[in-house]
Structure formats: structure tokens, C-alpha cells
Amino acid sequence: MEGFAVVDFFFMAVIAATPLLFATLGEILTQKSGSLNLGVEGMMFMGAAAGVAASYIYEATVGDATLGFVSAILAVLIGFLAGALGGLIYSVLTVTFRANQNVTGLALTIFGIGAGNLVGELLGIRAGGFTTVAEDTKRMFSSISIPWLSDIPVIGRLFFSYNFMVYLAIITAIVLMWIFNKTRVGLNLRGVGESPATADAVGINVTRYKYIAAIVGGGICGLGGVFISMADNSGTWIFNCIAGRGWIAVALVIFAAWRPSRAIIGALLFGGLSVLRLYLPIDGIPAQVYNILPFVATILVLIFTSIRQSKEHSQPKSCGINYFREER
């Protein structure tokens, strides 16, 4: 690759990494409380469809008075709430009714994919063909230009030229790092994930922590879906747009050892794999081979981490196990 292409490759890798980072952070937060939610793909679908629907309905209602930043805020907010709804459904079934976490997560994936595609297709029918948002809204999700900083050679392109959701994802990772490592809430959350009976015995409300972690985590996953539909696809609904990235995020949680800092690195690596074909094409290798590289890497990550798993970087001990207070 030539010098200028390296910068472009890194830029596109960051863009491709952003939805993976959102989804990974949401699942890390959920699993820290001891809940194994495999419905990441479904919650991303729900967020993606809700984001497009919120902007489209707002624009159709307001008409010429549409404000791009209001439309963007609505897309992000409603997309977050849609993902949070998925987390709430998961919590009610697994925390309150103690349903099997694996089955519930898979069911949530099926539900989210179906609901997201249904909403997207219904909007397309209403729009008379396909659903897309106005140009003002699209510009809000395009790359920004920060005065002075974006004009710096190489550095400006690498660090100061992304859309606002890229920076939101990084801020989310930093906030989660601070919560997990520097606050009593984070300490309590980790206690609930490691031993809910012990946490309950010292007065921590296990149910509350599990609910909040799953709901907020689901909302963060929903933001990953919003990024795909509003930034990657420029506010146009595309059938099955998430395309398995939710499952990659589940593997990234393991790769990151349940740490937000490593989630940033892992998401960037997988993002780079997903755009590799655009910058390092090899004659004779079809594009489909490049497309499966992230999924091959996912399998390798799962195999490698299962072999070299350590107690320090292992899954929270109660993850996947429902807590029943009367049994402690």
C-alpha cells in the first residue's frame, strides 16, 4: 500500500470499527452484571430500524421546517431506546422469570431481526419504494471538519475527521472504564457479576443492577445499529443491514477480556479486516473471501481464548446463571 492509502485504510477501519465497538461495549456492560445476552444482533437491528424510522417520521411530519441536528438527535435517542427495550425484554424474562439466558438471547436475536426488517420494509412501502432521510440529516452523520485540527496533514485525517458517533463510541468506552475501575457502582456491578449471593448478602440490590446493566447495555448496542443505518448506509434502510456484526461483537467481548480499553483495539482490528479488500486486493482472490475474514477471525479468537483463558481475564463467574435469592 502506498503512503496515502495507509491513512485512508486506517480512517475506513475506524469507521467500520465503530458499530462493533458500540455493540461490544454494550455486551461487556451486560455481562459484567452476570447476564449473558446473545441478542446483540437483534438489539442492533432494533436500533438501526428505529433510528431511520425516527428521522423519517420527523421529517415527514415537519416538512420544510426539518432541522438536521434535531433529526440526528432523534435517530440516536430513539435508536438507543429501541436497543434498551430489547435489554428490558431480556431482563424481564431472565431476571424476573428466570428463563434460560442462552435461549432468551437467541430468541431476542430472532425477534430483533424480524422486527427491524419489518419496520424498515413498512417504511419503504409508505415511502413508495425505499426509505431514506433528508440531505440535512445525512450531513449530520457524515465526516466533520474541525477548524485547524482537521487541516493538519495526516493527523487531521486520522483523528479529527470522523462523524460525531465515532467520538461518542470512544467517550462511551472511557466512561465505562471509569465506572468499572473508579466508582462504587462499578465495584458493586462487578460483585453482582462474580457472586450475586455475596453481593445480595451485603445489601446490594442484585435485581436492580442486572436490570440497569442489561437495559443500558442494550441501548448501547442499539447505537451500533444506528451507526450502520444512519452513517454507513447514509440514512437509507437496507434489508439485513447488520449482517452478522452482532455476533462478531459477542466474540470481541471475549477477545477484549471484558475490558473496554481492549474493546477499542479489538474493534479496530476487526474493522480493518472488514475493509481490507478495498486496500489490499490480491488477484485471483474473490471479494467473498475477504468478506468472511472477520468471521474466520471470530472463530480463531474463540478457540485461542478458550485455550489460554486465565482467571484474571475470564468471564464473570455468574454469567449465564440465573440468580434465585431463596437458594443462597
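Here, each number is a calculation from the coordinates, and none is a lab measurement. Small disclaimer: the values here were computed from a predicted structure and weren't measured.
Ordered by residue, what ³J(HN,Hα) values in Hz, to whole numbers, does the stretch 18-23 give under the Karplus form 6.51 cos²θ - 1.76 cosθ + 1.60, where θ = phi - 60° and Gly and Pro are x?
These are the phi-based 3J(HN,Hα) values: 4, x, 5, 5, 4, 5 Hz.
For a test of the definition: using alpha carbon positions, the gyration tensor, and the 1.5 limit on a/c, classify the stretch 29-184 as rounded, prolate or oblate. Show your work: numbers first, answer last.
Values: a/c = 2.57, a/b = 1.20, b/c = 2.14.
The shape class here is oblate.
Hey, what do the phi angles of the stretch 130-139 turn into as Karplus ³J(HN,Hα) couplings, whole Hz, using 6.51/-1.76/1.60 and θ = phi - 60°, x for Gly and Pro?
Running phi through 6.51 cos²θ - 1.76 cosθ + 1.60 with θ = phi - 60° gives 9, 9, 8, 9, 6, 4, 4, 5, 4, 5 Hz.
Pick from 147, 196, 294: which is most flexible by mean-square fluctuation in a GNM of the chain where alpha carbon atoms under 10 Å apart are linked?
With Cα springs under 10 Å in the chain, the top fluctuation among 147, 196, 294 is at 147.
Measuring from centroid to centroid over Cα atoms, what is the spacing of the stretch 247-299 and the stretch 155-200 in Å?
So the separation of the two Cα centres works out to 22 Å.
Using just the alpha carbons, could you tell me how many Å³ per residue the convex hull of the stretch 19-107 encloses? Please list the in-between numbers first.
Values: hull volume 8.2 nm³, N = 89.
Per residue, the Cα convex hull of the stretch 19-107 comes to 92 Å³.
Report the residue, chosen from 129, 271, 105, that carries the largest GNM mean-square fluctuation when the chain is represented by alpha-carbon nodes joined by springs under 10 Å.
The residue with the greatest mean-square fluctuation here is 129.
From the phi angles alone, apply the Karplus equation (6.51, -1.76, 1.60; θ = phi - 60°) to the stretch 223-233 and give each ³J(HN,Hα) in whole Hz, x where the residue is Gly or Pro.
5, x, x, 4, 4, 5, 6, 9, 9, 4, 9
Relative to the compact-globule scaling 2.2 N^0.38 Å, provide the ratio for the alpha-carbon radius of gyration of the stretch 120-206. Display every interim value, and only then the final one.
Working: Rg = 21.9 Å, N = 87, 2.2 N^0.38 = 12.0 Å.
Computed over Cα atoms of the stretch 120-206, the ratio equals 1.82.
Which of 67, 36, 81 ends up with the largest GNM mean-square fluctuation for the chain, with Cα atoms connected below 10 Å?
67
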